[in-house]
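Asks: Before I ask anything, let me first share the structure, which is written out below as structure tokens.
The values are calculated or read from the model by the stated rules, or taken from the named source; none is laboratory data. Quantities reported herein were computed from a predicted structural model and do not represent experimental measurements. Backbone-built Cβ (ideal geometry, glycine too); neighbour counts: all protein chains shown. We work out accessible area using only protein heavy atoms, side chains counted, and drop any ligands, DNA or RNA first. Shrake-Rupley method; radii C 1.70, N 1.55, O 1.52, S 1.80 Å.
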Amino acid sequence: MSEGASASDDAINFLATVPLLDGMPEAELAELARITRRRELPAGEVLWRQGDEAKAMALIVDGRVSVSLRLPGDRTVQISTMGRGEVLGEIPLLDGGLHSAKASVVEPATLLLLARADFAALVSRRHPTAFALKRRIAGVACARLRLQLAGLAASLGDGAGAPVAEANAALESSGPPDSAYVQRLATFHAFDSLALWGFLTAGRFARCPAGRTLVAEGAPSTACYVVMNGAVEKVIIRGDRRIRVGLAGPGHAFGYESLIDGDPSPVTAFTRERTLLLVLPQDAFERLFHGETTGSHVFLDVIHRDLMVALREALRPHARLAASV
Amino acid sequence: MCRVLAYLGEPIALGHVLYQTDSSLVRQSYSPRMMATFLNLAGFGMVAWDPRSAQPEDPFTYRATTLPTFDRNLRNLAGKLAPTCMIAHVRGVSHDAKEIVSESNLHPFRFPGARVAMAHNGHLREFARMRYDLVPYIRPELAQRIEGTTDSEWVYALVLSQLEDPFGLPEARELADATASSLRLLREIRARHGIDTSSPVNLSLTTGEALVATRFSFDYGWYPDEDTLLETDLPYVSLWYTVGGEYMERADGPAMTASDDPRSLLIASEPLTVDTSTWLEVPEYSMITAARTPEGIEFETRDLDV
């Protein structure tokens, strides 16, 4: 066996142990191993700084990497320390944004780096590995979001939580918005006409006045909602204390966390303004999320982008809390 | 849409924040990073307080419809000034012949005799339909001082009219309450006319000693099907802040220095640096109030539920 083949086998064997890739077929692991690059970094090396353009996702083979957030007034808050088998930088890998936190090596580390350009090439070839990885990253992002939200919930202490959510069936049905309007929303720019039609007819439209609870923290969400007009606020409530963790305006989704991982909703979502919603029941969500059609692929991107926004938004109150200490 | 900078704290190098940082206010006039389709080329305005100047309770005022990047007078003056409080504003208007670019439409507004100055980032949709419904809520002595054609100047007159003494020196709390009352009145008048299109109202107000800033929108996210401004308006209009000892050039770029108690607060429509890591986003539907104290500044963020 050549040295190269042995290194590749090592990479495949390692990838098979990474929880993110658990159960992924060997052929897909081999494809990933082929496009990842191995790097060894000493302690103290900065992998990327907060605000750097995202160029790669890192899988930790060995060592430890610290993730920290820089705050105004020369302050820093450490968010987590990650070790073998854990993944970082997967969020900007998908949305092409900037790194929201600094990553630095605290114990000499070996990493496998998946470059954004290589991942994009996989996506543009519609390679099954790309889509399998995207769905899995959605799961990881969802778990990370839950962790961040749980930290915020803990900062509020005890107290009664969310009010009961309104049943979907009780929402007043509405006709669809004008298709030209929908196409002007940035979220839907990537949909071709056929895919957009498939998406818009996958659920039903509903109008909702301001102040209605649509998703309750701690209860499973029965649908994924996409805001067409208006705005929905995502909050964590404990007694008379609350933290806003996100605001979904036109083109943004909410209520999907339960449908991705089967756990109860981590937030309460209520209409901040009167709102026109596309309601995608669980079966429609699953058909779109797990499908292999063009529409499914674009929908997956919509959910991803939304998860990334949700993660960034959930960091904001963390930063404010830390900055106010 | 526009870009605004508001400041309260230790003396700050004006030339640094207007011209020198890699996303300075003047750069944001022609190269904003958080606006999709607009530029802010309809003029520059500023009020700035310097306690070492003659009549320190009155701010230095500058307004010009010329592009600030080519304004040598402003650039030279900014290099010599270090105010302890200021609002600066680059004005953006829609690309429409109906828009009037004139000195009287430049922010911040500060009526003769008034101690409060105000700048606005946003616009009240269909303002022409609601303008004269505001008259009963604006004191006549203020209404007669309105010179320009903007919705913003009317909002300014409305806020002043909610103060116990529109020509007095209100504390931060009174200024905040007057701002919230004004937003409530605007909501009522919009409802009376059935105006329900998304209308951002990010206001910055200051007296030189107290500062109030809102990040707020009426009917956020609600647009008529045929709306042409849709793509510009989609994100909630941004507002950021950074707080600490002093804002200055440091080894790793401009940032606030460390301080046990905050001594300076800098608020901007978008961070003044490409690296946003030392800035925090002001939450949507909220208001920041700040006041000078013997130790530095006292500031808080509160929900704005009007």
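Asks: In Å², rounded to the nearest 100, what is the total accessible surface buried by chains B and A against each other with a 1.4 Å probe?
Replies: Approximately 3000 Å² gets buried when B meets A.
Asks: So for the protein assembly as shown, taking the charge dipole from beta-carbon charges (+1 Lys/Arg, -1 Asp/Glu), which of A:Ile237, B:Leu158, B:Leu39 sits furthest toward the positive end?
Replies: About the Cα centre, the residue reaching furthest to the positive side is B:Leu39.
Asks: Using a 7 Å offset from the Cα along the Cα-to-Cβ direction at both B:Ile100 and A:Ser179, what is the distance between the two label points in nm, to one decimal?
Replies: Calculated label separation equals 4.3 nm.
Asks: Let me ask something else about it. Among the aspartates and glutamates, which fall within straight-line cross-link reach of B:Lys80, defined as a Cα-Cα distance under 16 Å, with same-chain neighbours fewer than 8 residues apart omitted?
Replies: B:Glu10, B:Asp50, B:Asp71
Asks: When the Karplus curve 6.51 cos²θ - 1.76 cosθ + 1.60 is applied with θ = phi - 60°, which whole-Hz ³J(HN,Hα) does each residue of region B:134-151 get, with x for Gly and Pro?
Replies: Per residue, the Karplus-derived 3J(HN,Hα) values read 7, 3, x, 9, 10, 5, x, 5, 8, 4, 6, 8, 5, 10, x, 10, 8, 5 Hz.
Asks: Scaled to the compact-protein estimate 2.2 N^0.38 Å, what is the alpha-carbon radius of gyration of chain B, rounded to two decimal places?
Replies: Expressed relative to 2.2 N^0.38 Å, the Cα Rg reads 0.93.
Asks: So for chain B, averaging the separation of alpha carbon pairs under 8 Å that are six or more residues apart and normalising by length, what relative contact order in percent results?
Replies: 21
Asks: Let me ask something else about it. Accessible area per residue for the protein assembly as shown in Å², computed with a 1.4 Å probe and the full protein assembly in place, what is it?
Replies: Per-residue value: 40 Å².
Asks: Turning to a different aspect of this structure: Report, to the nearest 10°, how far helix B:172-192 tilts away from the longest principal axis of the Cα atoms in chain B, using its own Cα long axis and a range of 0 to 90°.
Replies: With both axes taken from Cα atoms, the answer is about 30 degrees.
Asks: What does the accessible area of A:Ser104 come to, in Å² to the nearest 10, when a probe of 1.4 Å is used?
Replies: Rounded to the nearest 10, the figure is 20 Å².
Asks: Treating only the Cβ of Lys, Arg, Asp and Glu as charged (+1, +1, -1, -1), what charge dipole size does region A:1-134 show about its Cα centre? Round to the nearest 20 debye.
Replies: The calculated dipole for region A:1-134 is roughly 460 debye.
Asks: As a check on your grasp of the helix formula, calculate [θ] at 222 nm for chain B: sum -39500 (n - 2.57) over DSSP H runs of n ≥ 4, divide by the residue count, round to the nearest 500.
Replies: Taken over chain B, the calculation gives -5500 deg cm²/dmol.
Asks: What ³J(HN,Hα) values, in whole Hz, does the Karplus curve 6.51 cos²θ - 1.76 cosθ + 1.60 give for region A:76-89 when θ = phi - 60°, with x put for Gly and Pro?
Replies: 9, 10, 7, 8, 6, 10, 10, x, 3, x, 8, 10, 9, x
Asks: Please give the per residue volume of the convex hull enclosing the alpha carbon atoms of region A:188-281, rounded to a whole number of Å³.
Replies: Per residue, the Cα convex hull of region A:188-281 comes to 95 Å³.
Asks: In addition: Where nothing but the Cβ of Lys and Arg (+1) and of Asp and Glu (-1) is charged, how large is the charge dipole of region B:91-206 around its Cα centre, in debye to the nearest 20?
Replies: Magnitude of the dipole: close to 180 debye.
Asks: What dipole magnitude, in Debye to the nearest 20, does the protein assembly as shown give about its Cα centre under +1 on Lys/Arg Cβ and -1 on Asp/Glu Cβ?
Replies: For this selection, approximately 460 debye.
Asks: Next question, about the same structure. Please turn the phi angles of region B:61-68 into ³J(HN,Hα) values with the Karplus equation 6.51 cos²θ - 1.76 cosθ + 1.60 (θ = phi - 60°), one per residue in order, whole Hz, x for glycine and proline.
Replies: 10, 9, 9, 7, 7, 6, 6, x
Asks: If you don't mind, another one. Can you tell me the convex hull volume per residue for chain A, based on C-alpha atoms, in Å³ to the nearest whole number?
Replies: Expressed per residue, the convex hull around the Cα atoms of chain A is 137 Å³.
Asks: To continue, here is another question. Once the dipole of region A:60-125 is set up with Lys and Arg at +1 and Asp and Glu at -1 on Cβ about the Cα centre, which of A:Ala121, A:Thr76, A:Leu94 lies farthest towards its positive end?
Replies: Highest projection toward the positive end goes to A:Thr76.
Asks: Same structure again: A:Arg64's amide H: which non-local residues (gap 5+, or another chain) put their own amide H closer than 5 Å, with H modeled 1.01 Å from N in plane and none for Pro or chain starts?
Replies: Distant-sequence amide H within range of A:Arg64: A:Val106, A:Glu107.
Asks: Counting only protein heavy atoms and using a 1.4 Å probe, what share of the accessible area of chain B belongs to carbon plus sulfur, as a whole percent?
Replies: 49
Asks: For region B:128-253, what class follows from the C-alpha gyration tensor (a ≥ b ≥ c being the square roots of its eigenvalues): rounded when a/c is under 1.5, otherwise prolate if a/b is larger than b/c, else oblate?
Replies: oblate
Asks: Around A:Leu247, which amide H atoms from residues at least 5 apart in sequence, or from another chain, sit under 5 Å from its own amide H, with H modelled in the peptide plane?
Replies: So A:Leu247 has HN proximity to A:Lys234.
Asks: Using modelled amide H (1.01 Å from N, peptide plane; none on Pro or chain starts), what sits under 5 Å from the amide H of A:Trp48, excluding residues fewer than 5 places away?
Replies: The answer is A:Ala103.
Asks: Follow-up question, since we're still on this one. Mean residue ellipticity at 222 nm from the helices of chain A, using -39,500 (n - 2.57) per DSSP H segment of n ≥ 4 over the full residue count, to the nearest 500 deg cm²/dmol?
Replies: Taking each H run of at least 4 residues, the total per residue is -12500 deg cm²/dmol.
Asks: When averaged across all projection directions, what area in nm² does the alpha-carbon convex hull of region B:47-144 cover?
Replies: If you wrap the Cα atoms of region B:47-144 in a convex hull and average its projections, you get 8.1 nm².
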